[in-house]
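Here, each number is a calculation from the coordinates, and none is a lab measurement. Remember, it's a predicted structure, so these values are computed and weren't measured experimentally. Please note: Cβ atoms are built from the backbone with ideal geometry, for glycine as well, and neighbour counts cover all protein chains shown.
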Amino acid sequence: MAETAHPSVAKAQGGEPSRRDFLTLTAVALSAVGGAAAVWPFLDSMNPAKDTLALATTEVDLAPVQVGQRLTVVWRGKPVFVDRRPQKEIEEAQAVPLTSLPDPQSDGDRVKKPEWLVVVGVCTHLGCIPVGQKPTDERGLYGGWFCPCHGSQYDTSGRIRQGPAPRNLEVPPYAFTGATTIKIG
Amino acid sequence: MASAAKAKKGIIGWIDHRLPIFTFLDHELGSFPEPKNLNYWWNFGSLAGIILVVMIFSGIFLAMEYTPHKDLAFDSVERIMRDVNYGWLMRYIHMNGASMFFIVTYIHIFRGLYFGSYKAPRELLWMLGVVILLLMMMTAFMGYVLPWGQMSYWGATVITNLFSAIPVVGDQIVSWLWGGFTVDNPTLNRFFSLHYLLPFVIVAVVCLHLVALHLHGSNNPLGIDRKGPQDSIPFHPYYTIKDLFGIGVFLIIFAGFVFFAPNFLGDPANYQPANPLQTPPEIVPEWYFLPFYAILRSVPDILFIPAKLAGVIAMFGSILVLFVLPWLDTSPVRSGRFRPIFRWFFLLLMIDCLVLGWVGAHKPEGTFVLIGQAATAWYFIHFLVLLPLLGKFERPRPLPTSISSAVLTVRGLHPSIKPATAIKEKS
Amino acid sequence: MMQHRLLPVAASLAVIFLGGAVPAQAEGGYKLLQPKSEWSFEGPLGTYDKAALRRGFQVYNEVCSTCHALVHLRYGDLDGLGYTADEIKAIAAQKQVTDGPNDQGEMYQRPARASDFFARPFPNEQAARYSNNGAVPADLSLVVKAREGGPDYVFSLLNGYKEPPAGVKLGAGMNYNAYFPGHQTAMPQPLADGAVTYADGTRADLEQMAQDVTTFLTWAAEPNLEARHRMGLQVIGFLILLTGVFYVLKRRIWSKVH
């Protein structure tokens, strides 16, 4: 069986190799494209589904929040801190020299209206939720928030001042849809 | 090209020297000798293998989104259909793929029946195939329960209740299967676990099936052994391309169902959530179980055996009879092509199975009862009475001397044949 | 030989594509009614008539939602009918949904949002039975797929209320319907000419409303139908091309044998 070259091989050396090769190439290429196109929907099914995306934006009514009050809302499964800052806190936040900040950012860059601070309430160190939302909570040395897990301290602009956290509390994408309503996400 | 081939050979050679995967593939898939006269009925084995892969692949992704709890299952399936990206596509592929799997497998089995592929030395190959069929049936049954629709629940109730027909320990077995006093959450949970497991058991048995196949090679439409290289062609490229073409045709039909008639083969009642307090007017299994359902309901009381038990025995018996088929059929000739009387009875068997399926879809009332009983009786008569006798009394047609010589006769002639050239060159 | 191979393929395709053309039968043998204009979604090239969907939604919202839930749909899904985000917000806000518990531990009602599932007319099955003579009004999210005869059945049912024929005694609180299995249903005729005033000005006679609400319910059961049909044409077109290439390659390779 091994000695005689198979007729298909023998013929290929002569007659129509180019036509068969083009056809083979087309077949292989189409199969590859078809295979990739067939696999893609399955991979895409692992992306966030419509119901997950439906909860991607949250509208918050800010009217009930008094000056000096802090509100927690849930956005994409995470807490968001809304702080209606009294004038004293705003001035404190604006007065901090940027060179003293581990993650330099001016207060003006972190708010749309100075009276309202909106930050994601997840510590940028390892993901614990800092305390400071309740009036009885510890707020740390800088008047903002204090993370009990490893001692990170945030100021009245939600910036990291002390402790292992590398970055300021994240400002989520949000916009004012009215004088006292915002849409997060 | 040459240097690239050498470099490739380097890596391939390195791997092959340590784990001979490439030599293995070349031997079993590349140059493996096949009869040169296989017709399109031989495509269905590879087709079944492809569908198995499609079902496992789609099933794994569906399992990422499905919740196997009775209060959440139905809704999780609707979430897949509406919210999950391409969820509807995965679900319809998996749902219709099951039907395709059975159509292809049934055709594959009937091919074996007609061409005598179950005869020596392929008895074990055949029996492994029957094991695969049983595993498929178990997997499909449990899979249908998972959406927890009305038919899921009530079909599960009817079929699990069958086991109570077993004398003495029947009720204990049923409550063990259920994990309770009725089909309920424990049942659903364990069916999900087993439904995920069994396909991989099927893969293992398919591997054994292929090992058994490769020992003696494929049967062929003439049913005579290959005598030498003049009767053979390598699997690649001849049967790789033929299988690919067959897969293409199959995928068109499959896509037709998935995209344009996804619920044609299903039962509307399963789009109603399961209600344990309300039985649907007709409990009907999926189409591929209908013949067995008909047999189950056809058998009356026999002597001291109550009808329920007798029906269960007959239903399982209809598959067990396939196990011993190699010994029931006494004909020295393999292929139905050379068995002029057998051919007609084969046709009758196919019609009988279709009739059984049709009976299974209807309530066991009126003429359906008689027809069902006749068709059930004939099924067993065909295997247990006819085949043993036919082999002894039938006068087969004269067999061709070899496959390649048969190519010159009318039977084996392919329209594109130019007998003068190729055959003479080789022999 | 070629035709021999193609025949089963052609037969299967014929069954699939033309199968829908066979007139459906209700249980009990009544031939189902069909609307005067064909269903826009029928056949392999079917799509949803958005105007009909919106009218049908209006019928559901104003008539059916009093008793029938649509549990698998969210208000946000109505963007498939062509409504804008603001319109959806307004539609949702008309209904109240249960939320909570609040800080006092109580459940409370609030206006629905786009991300909410459709408000349910009854909080649970028992309340539904209590208000409906012991019967539960079926959830309609899947009713078109859950009934033999599909859209034709639902359409027939809505048009099928008649006086019971002589000799048929109706049960207490039951209504005669020519297409409902058993012919007696606890649901009184829900639609009559002019029950709804269509926003787009179409005349709202019984048959029009029945067709529109059935179209809407078909969409509710199969929102992905249009994407499915579109993808189907692309996939089958591609597969025909691919299979054709395979076939030519097969013939070429096999011409060496024999």
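Take the alpha carbon gyration tensor of the range C:84-158, find the square roots of its eigenvalues, order them as a ≥ b ≥ c, and report rounded if a/c is under 1.5; if not, report prolate when a/b exceeds b/c, else oblate.
Numbers: a/c = 3.10, a/b = 1.47, b/c = 2.11.
It comes out oblate by the Cα gyration axes.
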What is the packing order of peptides C:186-195, B:327-336, taking the mean over residues of other C-beta atoms within 10 Å and listing the highest first?
-> B:327-336, C:186-195
Three-way shape label, the range B:210-273, alpha-carbon gyration tensor, a/c 1.5 | prolate
Cα gyration tensor of chain B, axes a ≥ b ≥ c as square roots of the eigenvalues: rounded (a/c below 1.5), prolate (a/b > b/c) or oblate?
-> oblate
Per the helix-only model, the protein assembly as shown has a calculated mean residue ellipticity at 222 nm (DSSP H runs of ≥4, -39500 (n - 2.57) each, divided over all residues, rounded to the nearest 500) of -15500 deg cm²/dmol
The alpha-carbon center of the range B:244-305 and that of the range C:107-157 are separated, in whole Å, by 28
When you look at the Cβ of every residue in A:37-48, what mean number of other chain Cβ atoms sits within 10 Å?
-> 5
For helix B:44-63, report the angle its Cα long axis makes with the longest principal axis of the Cα atoms of chain B; keep it between 0 and 90° and round to the nearest 10°.
-> 40
Residue by residue through the range C:229-241, the couplings from Karplus 6.51 cos²θ - 1.76 cosθ + 1.60 with θ = phi - 60°, in Hz, x for Gly and Pro, are 5, 4, 4, x, 5, 5, 5, 5, x, 4, 5, 4, 4
Relative contact order for chain C, counting Cα pairs under 8 Å that sit 6 or more residues apart, in percent | 24
Treat the range B:42-135 as a sphere of radius equal to its Kirkwood radius over Cα pairs and apply Stokes-Einstein at 10 °C in a medium of 1.306 mPa s; give the translational diffusion coefficient in µm²/s, rounded to a whole number.
-> 105
Ranking A:Cys149, C:Cys64 by Cβ neighbours within 10 Å, fewest first, what do you get?
-> A:Cys149, C:Cys64
Please list the non-local residues whose amide H lies under 5 Å from the amide H of A:Gln162, H modeled 1.01 Å from N, same-chain partners needing a gap of 5 or more.
-> A:Gln153
Working out 0.36 nm times the residue gap between B:Ala204 and B:Ile302, then minus their Cα-Cα distance, what length gain in nm do you get to one decimal?
-> 31.4 nm
For the range B:325-335, what does the Karplus curve 6.51 cos²θ - 1.76 cosθ + 1.60, with θ = phi - 60°, yield as ³J(HN,Hα) per residue in whole Hz, taken in order and with x for Gly and Pro?
-> 3, x, 9, 6, 7, 9, 5, x, 9, 7, 7
Whole-Å distance linking the alpha carbon centroid of the range B:356-396 with that of the range B:146-193 is 30
What is the mean number of Cβ atoms from other protein chains located within 10 Å of the Cβ atom of each residue in peptide C:142-155, rounded to a whole number?
-> 3
Could you tell me which of the pairs B:Lys70/C:Lys169; B:Lys9/C:Lys250; B:Lys363/C:Lys169 are separated by over 32 angstrom between their Cα atoms in the structure shown?
-> B:Lys70/C:Lys169
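Applying 1/(1 + (r/R0)^6) with R0 = 25 Å to the Cβ-Cβ distance of B:Thr330 and B:Tyr106, what FRET efficiency is obtained, to the nearest 0.05? Please list the in-between numbers first.
Values: r = 25 Å, r/R0 = 1.00.
Between B:Thr330 and B:Tyr106 the formula returns 0.50.
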Note, ³J(HN,Hα) from phi for the range B:343-358, Karplus 6.51, -1.76, 1.60, rounded to Hz, x at Gly and Pro | 4, 5, 5, 5, 4, 4, 4, 4, 4, 4, 5, 5, 4, 4, x, 5
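Among A:55-67, C:44-56, what's the highest-first ranking by average C-beta atoms within 10 angstrom per residue?
Details: A:55-67: 13.2, C:44-56: 19.3.
Put in order of decreasing packing, that is C:44-56, A:55-67.
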Tell me the label-point distance for the pair B:Phe393, A:Gln69, using the 7 Å Cα-to-Cβ offset, in nm and rounded to one decimal.
-> 9.8
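Got a sec? How would B:Thr367, B:Thr240 order by Cβ neighbour count within 10 Å, fewest to most? Intermediate results must be reported in sequence, preceding the final value.
Values: B:Thr367 9, B:Thr240 16.
Ascending number of Cβ neighbours within 10 Å: B:Thr367, B:Thr240.
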To the nearest 10 degrees, how steep is helix A:17-44 against the longest Cα principal axis of chain A, on a 0 to 90 scale?
-> 30
For chain B, find the longest principal axis of its Cα atoms and tell me its angle to the long axis of helix B:307-323, 0 to 90°, nearest 10.
-> 10
Residues whose built amide H sits under 5 Å from the amide H of B:Arg397, excluding neighbours closer than 5 in sequence, are B:Arg339
Enumerate the aspartates and glutamates that A:Lys134 could reach by cross-link, defined here as Cα to Cα under 13 Å, with residues fewer than 8 away along the same chain left out.
-> A:Asp83
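Using the beta-carbon distance between B:Ser175 and A:Glu91 and R0 = 56 Å, what value does 1/(1 + (r/R0)^6) give for FRET efficiency, to the nearest 0.05? Mind showing how you got there, number by number?
Working: r = 74 Å, r/R0 = 1.32.
Plugging the Cβ-Cβ distance into 1/(1 + (r/R0)^6) gives 0.15.
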Packing-ranked peptide list from B:139-148, B:200-209, highest mean Cβ count within 10 angstrom first, is B:139-148, B:200-209
Name the residues whose placed amide hydrogens come within less than 5 Å of the amide hydrogen of B:Glu34, ignoring near sequence neighbours (fewer than 5 apart) on the same chain.
-> B:Ile233, B:Phe235
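What average count of beta carbons from other chains do you get within 10 Å of the Cβ of residues in B:239-246? Numbers along the way, then the final one.
Values: counts 3, 2, 10, 6, 2, 9, 12, 4.
Neighbouring Cβ atoms belonging to other protein chains average 6 per residue here.
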